[in-house]
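For reference, the structure is listed below as structure tokens.
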Amino acid sequence: MSDLEEQRKKVRKLQSRAGAAKMELHDLAEDLPVNWTEIKVIAEKTFDAFAELDAAKRELNALENLR
């Protein structure tokens, strides 16, 4: 598998993970004030997932532009 195909696969996986983290944060927000102490942990998890996704998308874009 080429580097480009591998990166596309990585981006799809990270998109799924980021979407799940977003939904977890959304569900927490809907249930507030229940579990309010989890806000920071879940928000950091969501932030990290989207930061990793953003970096992977940038790398994919760079690989695509090499073609």
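The values are calculated or read from the model by the stated rules, or taken from the named source; none is laboratory data. Given the structure is predicted, the values throughout are model-derived calculations rather than measurements. Cβ coordinates were reconstructed from backbone atoms using ideal geometry, including for glycine residues, and neighbour counts include every protein chain displayed. Remember, those area values only see protein heavy atoms, side chains included, never the ligands or the DNA or RNA. Shrake-Rupley method; radii C 1.70, N 1.55, O 1.52, S 1.80 Å.
Axis of helix 39-66 versus longest Cα principal axis of the chain: the two differ by about 10°, to the nearest ten degrees.
Positive-end ranking of V34, S2, A21 along the dipole of the chain, with charges on Cβ about the Cα centre, is headed by S2.
Can you work out the accessible area per residue across the chain, with the rest of the protein chains kept in place, probe 1.4 Å, in square angstrom?
Working: 5220 Å² over 67 residues.
Roughly 78 Å² per residue, with all protein chains present.
At q = 0.12, 0.22, 0.24 Å⁻¹, what base-10 log of I(q)/I(0) does the Debye formula yield for the chain when every alpha carbon is treated as an equal point scatterer in vacuo? Result of the Debye calculation: -0.40, -0.84, -0.93. Of all accessible surface on the chain at a 1.4 Å probe, what whole percent is carbon and sulfur? In the chain, the share of accessible area belonging to carbon and sulfur is 54 percent. The modelled label-to-label distance between E64 and R12, using points 7 Å beyond Cα along the C-beta direction, is 1.5 nm.
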